[in-house]
Amino acid sequence: MSKITLDNIDFKNIKLPFQPHVLSGILKLQGDSMMNFHGLNNLVKSDQSITALILKIANSSFYFRGNEVTTLEQAIGIIGFQTVISFSIAASIKNAYASANYSKFRKFVWQHSVVCGIVSKNLAVRLHLDQYKEEAFIGGAIHDIGKVILNSLDRKLFITVLHEALDANAPFFAIESKYFGFNHNELGARCIEFWNLPEVYKIIAMHHNDPELVVGTLTNENEKILLLLVAYGDILAKKYKYGQLTEQDLSGEARIAQKLGLTNEDRNYYDNQFLDEMKGDAFYQFFITLL
Ligand SMILES: [Fe+2]
Ligand SMILES: [Fe+2]
């Protein structure tokens, strides 16, 4: 078998139970006009697993109002349009991660990614950057998508990487490069490009571990802010024990916080209070327990 390199990966034939066109379609829906209502309806209906999940959520104790919800239209009425959009995005992404259902992958890749998304979104709100909150969630949820692809390319080798990174408390990208010849950052960026998702997610996938290296060179303010939000969300997720916190994360933490404009009070809040609040969040409950 010829060696896999970044340039000869056949993205079309990587098997993931994931429909990138559904995700990119949902990402394009803005505002809750009638047209978008139909757009969301059609997109979600084209992916049965998303529809099933939305109905399950609408009928859960979080939202249940006494009558069983059986259609997407009713679910939107109960949960709200924007929230259904967020859940649909997360459900669509969940399918990509579902390709690897073993406990270490669930904890260190899937749960890590969901928590990173939730924290990044919350950071946006706390910093009065509400306009970035949905993109921050998505950026956080897909920043490590390269690990899913590595696992699909060679599951056995990726498990070796996982164990070695955890045992040595070393960053994943270093161990991945040693075994695969490339890392999840480079691979994730290529994949996002192949799926035609917005450029900002490619930048996040590529640079969430070294944001300081590029943030000064980015001319687009949105890309700068979102990269920093997700990079900090990534570190916090690891501090909450969803992921492996390394020396490198700790050494960059204060500088990234400063670039974002977080005060000591904010940092204190995230270090001591946020984790408990997050555990009561509907997103957290659904996506951490689902996979
Ligand atoms: Fe990563
Ligand atoms: Fe990460």
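The values are calculated or read from the model by the stated rules, or taken from the named source; none is laboratory data. Values in this document were obtained by computation on a predicted structure and should not be read as measured data. Backbone-built Cβ (ideal geometry, glycine too); neighbour counts: all protein chains shown. All accessible areas refer to the heavy atoms of the entire protein, side chains included, with ligands and DNA or RNA removed. Shrake-Rupley method; radii C 1.70, N 1.55, O 1.52, S 1.80 Å.
For (1) open to solvent by 60 Å² or more (accessible area, probe 1.4 Å); (2) at pLDDT below 95; (3) of a type in the set (A, V, I, L, M); (4) not assigned by TED's automatic domain parsing to the domain that holds residue 123, each residue gets a yes or a no:
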residue: 138; (1), (2), (3), (4): no, yes, yes, no
residue: 163; (1), (2), (3), (4): yes, no, no, no
residue: 189; (1), (2), (3), (4): no, no, yes, no
residue: 203; (1), (2), (3), (4): no, no, yes, no
residue: 235; (1), (2), (3), (4): no, no, yes, no
residue: 240; (1), (2), (3), (4): no, no, no, no
Exercise for the section: Answer yes if at least one residue in segment 141-152 is at pLDDT 95 or above, assigned to a loop (DSSP other than H, G, I, E, B) and within 11 Å of ligand 1 (Cβ to nearest atom), and no otherwise. Expected result: yes
Exercise for the section: Please tell me if residue 4 is under 25 Å from residue 288 (Cα atoms) and either open to solvent by less than 60 Å² (accessible area, probe 1.4 Å) or part of a loop (DSSP other than H, G, I, E, B) (or both). Expected result: no
Practice task
Can you give me the number of residues within segment 116-158 that are closer than 16 Å to residue 277 by Cα and within 14 Å of ligand 2 (Cβ to nearest atom)?
Solution key: 5
Problem - Members of segment 242-273 that are more than 15 Å from ligand 1 (Cβ to nearest atom), closer than 28 Å to residue 167 by Cα and open to solvent by 30 Å² or more (accessible area, probe 1.4 Å) - result: 247, 250, 251, 254, 255, 271, 272
Practice task
Output the residues belonging to segment 171-182 that are within 14 Å of ligand 2 (Cβ to nearest atom) and not in a helix (DSSP H, G or I).
Solution key: 171
Exercise for the section: Would you be able to say whether some residue in segment 170-181 is away from ligand 1 (no atom under 12 Å from the Cβ), open to solvent by 30 Å² or more (accessible area, probe 1.4 Å), over 18 Å from the mean Cα position of the chain (by Cα) and small (Gly, Ala, Ser)? Expected result: yes
Exercise for the section: Report the residue count in segment 123-167 for those that are within 18 Å of residue 113 (Cα to Cα), among the acidic types (Asp, Glu) and in contact with a helix residue (DSSP H, G or I) (Cβ under 6 Å, 6 or more places away or on another chain). Expected result: 2
